[in-house]
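The values are calculated or read from the model by the stated rules, or taken from the named source; none is laboratory data. Because the structure is a prediction, the values reported are computed rather than measured. Quick reminder, even Gly has a Cβ in these numbers, built from the backbone with ideal geometry, and neighbours come from all protein chains shown.
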């Protein structure tokens, strides 16, 4: 039996490995962004960070898109009865209407996922640069 932490780690690793072709040429910018993403959530709030990243995303190869999609897909995977909305607008609307306990649980999961994404991004992309 696998723990939720193991599943989270595997999900993040698969996203990083699978997203290599989607990530912009600027590896330094991407690693810096993933390292700072948890701080953005903690300083501004989960919903506000998601809305800000949504406003900044430009294309499928964008770092904002990568993080948004990773968080959304992870929350849908672990709580499909709550987060079944596939597009960003409905997903963020759902975040704004759930109760506080569920909202804080979603924020915690996003932070834990981002820690793995940050670790794997540093490991894989820094090694590739060298």
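Quick look at the values:
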{"quantity": "Residue ranges of helices (runs of 4 or more DSSP H) in the stretch 27-130 with at least 2 members at pLDDT 95 or above, out of contact with any helix residue (DSSP H, G or I) (no Cβ under 7 Å at 6 or more places or on another chain) and more than 19 Å from residue 4 (Cα to Cα)", "calculated": "27-44"}
{"quantity": "Of the criteria (1) at pLDDT below 90; (2) part of a helix (DSSP H, G or I); (3) surrounded by 13 or more Cβ atoms within 10 Å (Cβ to Cβ), which one residue 22 fails", "calculated": "(2)"}
